[in-house]
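Below is one structure, written out as structure tokens, with a few remarks after it.
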Amino acid sequence: MTALSELNDDIVRSMSVGAVFSDFGGKVNSLDFHRTADLLVTSSDDDSVRFYDTTSAKLVKTTYHKKHGADRICFTHHPSSVVCSSKHNLDNSGEFLRYLSMYDNRCLRYFKGHKERVVSLSMSPVNDSFMSGSLDHSVRIWDLRVNACQGILHLRGRPTVAYDQQGLVFAVAMEGGAIKLFDSRSYDKGPFDTFLVGGDTAEVCDIKFSNDGRSMLLTTTNNNVYLLDAYNGEKKGGFSMDSSQNATIEATFTPDGQYVCSGSGDGNIHVWNINNEPTKVACLDSYIGVPTCLKWAPRRVMFAAASSVLTFWIPNDAKPGLESGGLNSEV
């Protein structure tokens, strides 16, 4: 298997679909890789949560959540537990967030407090804390071990949240293109820095930090992608993707921080080398329409892209399997 340390322009250009999963009953609205286990989880509009083994490209388990639905999703540190946001019966129960065990299909805890749908989730990489951003214009900080909210930030507009890869800092994007950085140990003291993405007042729908903590990636609701210096907020690159009705896109760093990949309304996946000046190195046909979910695996030369279909992408020379065959069969 190709090692991450070997990633280069030629390998990125060779990335192609190695597995297809097309049995969803609706659009995939969120996906997440586990940080240390070779697992992927998806949530979709058919109210399903699905686990995949990324080494063998096999669907491991499917659970349905008809009462609450499945909206945003992220792994906890345990490989069979996730945090999932709800989209049904919110006014009745207030159960906007659930801590789920996929091992025995149990809800371990409900988290109540938000008044509107949760649109952003981020799990701390170092402890049991996680954050949620909601259309009620608040960010809440939680602990998996406790039902009660541990902290709350009131903001303007739709908030989007992300921890950095060391868990020391978190970013909150808000109305008007403002990005506020907080020390995760003393967030109650307010932000220690604020960046403004000049010229674009669209809401930010996704934030990611690079593994080295040097860069941030912002994706906006009007399908613009911005590469920022995480230390001073300087804009290092901006990419305007084609728009698509009722679809937002997602962008992702490669684990080595050398490349940025983004979906687009034109149905392609665009890739830039960002070592110095961002340079377009690939334009890959997604084969699935507009890929609204896109993430690179943290420890593999592999990424996942999804619309109403989920695809695993690997270097062309890695076929027919990542480690053991079966990657080309449609499920």
Problem - Of residues in the stretch 50-91 being part of a strand (DSSP E or B) and of a type in the set (Gly, Ala, Ser), the one nearest to Ala19 (Cα to Cα) - result: Ser81
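Looking only at the stretch 247-287, which residues are of a type in the set (A, V, I, L, M, F, W, C) and either part of a strand (DSSP E or B) or at positive phi (or both)? First the steps, then the outcome.
Here is the first cut: in the stretch 247-287, the ones of a type in the set (A, V, I, L, M, F, W, C) are 247, 249, 251, 253, 260-261, 269, 271-272, 274, 281-284.
The answer is Ala247, Ala251, Phe253, Val260, Cys261, Ile269, Val271, Trp272, Val281, Ala282, Cys283, Leu284.
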Exercise for the section: Go through the residues of the stretch 145-156 one by one and say whether even a single one is surrounded by 14 or more Cβ atoms within 10 Å (Cβ to Cβ) and over 18 Å from Lys112 (Cα atoms). Expected result: yes
Practice task
May I ask you to say which residue of Asp46, Asp23 is at pLDDT 95 or above, outside any strand (DSSP E or B) and surrounded by fewer than 21 Cβ atoms within 10 Å (Cβ to Cβ)?
Solution key: Asp46
Problem - Breaking point among (1) of a type in the set (A, V, I, L, M, F, W, C); (2) within 25 Å of Pro291 (Cα to Cα); (3) out of contact with any helix residue (DSSP H, G or I) (no Cβ under 9 Å at 6 or more places or on another chain), for Phe192 - result: (2)
Problem - Enumeration of residues in the stretch 138-179 that are farther than 17 Å from Phe111 by Cβ, acidic (Asp, Glu) and without any contact (Cβ under 8 Å) to a residue 40 or more places away in the chain - result: Glu175
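Rundown of residues vs (1) loosely packed, with under 15 Cβ neighbours inside 10 Å; (2) not charged (D, E, K, R), yes/no style:
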{"position": "Phe182", "(1), (2)": "no, yes"}
{"position": "Arg185", "(1), (2)": "yes, no"}
{"position": "Phe192", "(1), (2)": "yes, yes"}
{"position": "Asn211", "(1), (2)": "no, yes"}
Handout entry: When residues of the stretch 120-151 are limited to those that are over 26 Å from Ser215 (Cα atoms) and in a strand (DSSP E or B), the one farthest from the chain's Cα centre (by Cα)
Key = Gly151
Problem - Qualifying positions in the stretch 75-110 - in contact with a strand residue (DSSP E or B) (Cβ under 8 Å, 6 or more places away or on another chain) and aliphatic (A, V, I, L, M) - result: Val82, Val83, Leu97, Leu100, Met102, Leu108
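Yes/no per residue for (1) of a type in the set (S, T, N, Q); (2) at pLDDT below 95; (3) assigned by TED's automatic domain parsing to the domain that holds Ile141:
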{"site": "Tyr187", "(1), (2), (3)": "no, yes, yes"}
{"site": "Leu196", "(1), (2), (3)": "no, yes, yes"}
{"site": "Asn211", "(1), (2), (3)": "yes, yes, yes"}
{"site": "Asn224", "(1), (2), (3)": "yes, yes, yes"}
{"site": "Ile269", "(1), (2), (3)": "no, no, no"}
{"site": "Met302", "(1), (2), (3)": "no, no, no"}
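Do we find that Val12 is buried (at least 17 other Cβ atoms within 10 Å of the Cβ), within 21 Å of the chain's Cα centre (by Cα) and within 15 Å of Thr254 (Cα to Cα) in this structure?
Working: buried (at least 17 other Cβ atoms within 10 Å of the Cβ): yes; within 21 Å of the chain's Cα centre (by Cα): yes; within 15 Å of Thr254 (Cα to Cα): yes.
When the stated conditions are applied, Val12 passes them.
The values are calculated or read from the model by the stated rules, or taken from the named source; none is laboratory data. Just so you know, these numbers come straight off a predicted model, no measurement behind them. Glycine also receives a Cβ, built like all others from the backbone with ideal geometry; neighbour counts cover every protein chain displayed.
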